[in-house]
1. Tally time: how many residues in the range 71-83 are open to solvent by 60 Å² or more (accessible area, probe 1.4 Å) and either closer than 12 Å to Trp14 by Cβ or in contact with a Pro (Cβ under 9 Å, 6 or more places away or on another chain) (or both)?
2. What's the total number of residues in the range 27-54 that are acidic (Asp, Glu) and surrounded by 15 or more Cβ atoms within 10 Å (Cβ to Cβ)?
3. Looking only at the range 55-70, filter to residues that are charged (D, E, K, R), open to solvent by 30 Å² or more (accessible area, probe 1.4 Å) and assigned to a helix (DSSP H, G or I); which one of those is farthest from Glu12 (Cα to Cα)?
4. Output the residues belonging to the range 4-26 that are open to solvent by 80 Å² or more (accessible area, probe 1.4 Å) and either touching a residue at least 40 places away in the same chain (Cβ under 8 Å) or assigned to a loop (DSSP other than H, G, I, E, B) (or both).
5. Go through (1) part of a strand (DSSP E or B); (2) open to solvent by less than 50 Å² (accessible area, probe 1.4 Å); (3) modelled with pLDDT under 55 for Asp112 and report which single condition fails.
6. From the list Val117, Val74, Val78, which one is modelled with pLDDT of 60 or more and either more than 15 Å from the chain's Cα centre (by Cα) or hydroxyl-bearing (Ser, Thr, Tyr) (or both)?
7. Name the single residue, out of those in the range 96-107 being more than 15 Å from Leu3 (Cα to Cα) and open to solvent by less than 80 Å² (accessible area, probe 1.4 Å), that is modelled with the highest pLDDT.
8. Of the residues Arg67, Arg48, which single one is in contact with a Lys or Arg (Cβ under 8 Å, 6 or more places away or on another chain) and modelled with pLDDT of 90 or more?
Amino acid sequence: MALRVFSTREGEEWRVWPVTPEPSAASTLDRSFRSGWLCFEQINGGERRRLSLGEVPDGWDALPDNRLDLLRRVATLVASPLPDSATPVTARRPIEERARDPRPASKTVVGDDDGDVERPV
(Lines give C-alpha, C1' and ligand atoms only; values in the text may rest on other atoms or scores of the structure.)
Protein backbone atom coordinates (compact mmCIF):
# COMPACT_ATOMS: atom_id res chain seq x y z
CA MET A 1 0.00 0.00 0.00
CA ALA A 2 1.29 3.43 -0.90
CA LEU A 3 0.89 6.26 1.56
CA ARG A 4 2.27 9.62 0.52
CA VAL A 5 2.69 12.83 2.43
CA PHE A 6 2.91 15.97 0.33
CA SER A 7 2.77 19.75 0.68
CA THR A 8 0.52 22.14 -1.20
CA ARG A 9 1.83 25.39 -2.66
CA GLU A 10 0.28 27.08 0.41
CA GLY A 11 2.47 24.91 2.66
CA GLU A 12 -0.32 22.67 4.00
CA GLU A 13 0.64 19.05 4.59
CA TRP A 14 -1.64 16.29 3.32
CA ARG A 15 -1.43 12.53 3.19
CA VAL A 16 -2.96 10.40 0.46
CA TRP A 17 -3.55 6.66 0.21
CA PRO A 18 -5.63 4.25 -1.89
CA VAL A 19 -8.82 2.74 -0.49
CA THR A 20 -10.42 -0.42 -1.85
CA PRO A 21 -13.69 -1.26 -0.10
CA GLU A 22 -14.69 -4.84 0.59
CA PRO A 23 -17.51 -6.07 -1.69
CA SER A 24 -20.04 -5.98 1.16
CA ALA A 25 -19.32 -2.29 1.80
CA ALA A 26 -18.95 -1.33 -1.87
CA SER A 27 -22.64 -1.84 -2.58
CA THR A 28 -23.48 0.93 -0.09
CA LEU A 29 -21.26 3.49 -1.83
CA ASP A 30 -21.88 5.90 -4.66
CA ARG A 31 -21.28 4.05 -7.94
CA SER A 32 -18.16 6.10 -8.79
CA PHE A 33 -16.44 4.98 -5.56
CA ARG A 34 -17.35 1.27 -5.58
CA SER A 35 -14.04 0.16 -7.11
CA GLY A 36 -12.06 2.39 -4.75
CA TRP A 37 -10.65 5.87 -4.35
CA LEU A 38 -7.71 7.91 -3.24
CA CYS A 39 -8.27 9.43 0.17
CA PHE A 40 -6.68 12.83 0.75
CA GLU A 41 -6.48 13.91 4.39
CA GLN A 42 -5.16 17.18 5.74
CA ILE A 43 -2.51 16.30 8.32
CA ASN A 44 -3.87 18.70 10.95
CA GLY A 45 -7.13 16.75 10.96
CA GLY A 46 -9.10 19.23 8.87
CA GLU A 47 -10.44 18.30 5.46
CA ARG A 48 -10.77 14.92 3.84
CA ARG A 49 -11.35 14.39 0.10
CA ARG A 50 -11.95 11.40 -2.20
CA LEU A 51 -11.01 10.88 -5.82
CA SER A 52 -12.43 7.87 -7.67
CA LEU A 53 -9.73 5.43 -8.84
CA GLY A 54 -11.18 5.82 -12.34
CA GLU A 55 -9.86 9.40 -12.32
CA VAL A 56 -6.43 8.56 -10.93
CA PRO A 57 -3.42 8.25 -13.25
CA ASP A 58 -1.16 5.21 -13.06
CA GLY A 59 1.87 5.88 -10.89
CA TRP A 60 0.05 8.50 -8.81
CA ASP A 61 2.24 7.65 -5.82
CA ALA A 62 5.34 8.82 -7.74
CA LEU A 63 3.86 12.15 -8.91
CA PRO A 64 5.48 15.37 -7.72
CA ASP A 65 3.72 17.26 -4.93
CA ASN A 66 2.23 19.88 -7.28
CA ARG A 67 0.51 17.16 -9.37
CA LEU A 68 -0.85 15.44 -6.24
CA ASP A 69 -2.17 18.80 -5.14
CA LEU A 70 -4.04 19.14 -8.46
CA LEU A 71 -5.64 15.74 -7.88
CA ARG A 72 -6.57 16.77 -4.34
CA ARG A 73 -8.22 19.96 -5.56
CA VAL A 74 -10.49 18.09 -8.02
CA ALA A 75 -11.36 15.41 -5.44
CA THR A 76 -14.76 15.43 -3.75
CA LEU A 77 -14.89 17.02 -0.32
CA VAL A 78 -16.11 14.51 2.27
CA ALA A 79 -18.56 15.82 4.83
CA SER A 80 -17.28 15.56 8.36
CA PRO A 81 -18.91 12.81 10.37
CA LEU A 82 -21.39 14.02 12.93
CA PRO A 83 -19.78 14.49 16.33
CA ASP A 84 -20.38 11.49 18.53
CA SER A 85 -18.62 11.59 21.86
CA ALA A 86 -18.89 7.81 22.19
CA THR A 87 -17.07 7.17 18.89
CA PRO A 88 -13.40 8.15 18.59
CA VAL A 89 -12.59 10.38 15.63
CA THR A 90 -10.32 7.70 14.14
CA ALA A 91 -13.19 5.19 14.02
CA ARG A 92 -15.70 7.35 12.15
CA ARG A 93 -14.53 6.38 8.67
CA PRO A 94 -13.49 2.76 9.19
CA ILE A 95 -12.94 1.81 5.52
CA GLU A 96 -10.42 4.61 5.02
CA GLU A 97 -8.79 4.12 8.42
CA ARG A 98 -8.20 0.40 7.75
CA ALA A 99 -6.69 1.20 4.35
CA ARG A 100 -4.36 3.82 5.84
CA ASP A 101 -3.33 1.85 8.92
CA PRO A 102 -3.68 -1.86 8.10
CA ARG A 103 -3.33 -4.23 10.98
CA PRO A 104 -0.89 -7.10 10.55
CA ALA A 105 -2.60 -10.22 9.30
CA SER A 106 -2.83 -13.15 11.67
CA LYS A 107 -0.78 -16.15 10.66
CA THR A 108 -0.75 -19.64 12.05
CA VAL A 109 2.54 -20.64 13.60
CA VAL A 110 3.01 -24.36 13.06
CA GLY A 111 5.07 -26.45 15.44
CA ASP A 112 5.02 -23.94 18.29
CA ASP A 113 5.58 -25.51 21.72
CA ASP A 114 2.01 -24.48 22.60
CA GLY A 115 0.57 -26.17 19.48
CA ASP A 116 -0.63 -24.37 16.37
CA VAL A 117 -1.41 -20.80 17.38
CA GLU A 118 -2.85 -17.94 15.32
CA ARG A 119 -1.34 -14.57 16.12
CA PRO A 120 -0.08 -11.43 14.41
CA VAL A 121 3.41 -11.85 13.02
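The values are calculated or read from the model by the stated rules, or taken from the named source; none is laboratory data. Since the model is a prediction, treat every value here as computed from it, not as a measurement. Here the Cβ is made from the backbone with ideal geometry for all residues, glycine too, and neighbour counts use every protein chain on show. Only protein heavy atoms, including side chains, enter the accessible area calculation; ligands, DNA and RNA are left aside. Shrake-Rupley method; radii C 1.70, N 1.55, O 1.52, S 1.80 Å.
1. 1
2. Here the count works out to 2.
3. The selected residue is Glu55.
4. Arg9, Glu10, Thr20, Glu22
5. It fails just one condition, (1).
6. Val74
7. My answer is Ala105.
8. On the way: Arg67 fails: in contact with a Lys or Arg (Cβ under 8 Å, 6 or more places away or on another chain).
Sole residue among the options that is in contact with a Lys or Arg (Cβ under 8 Å, 6 or more places away or on another chain) and modelled with pLDDT of 90 or more: Arg48.
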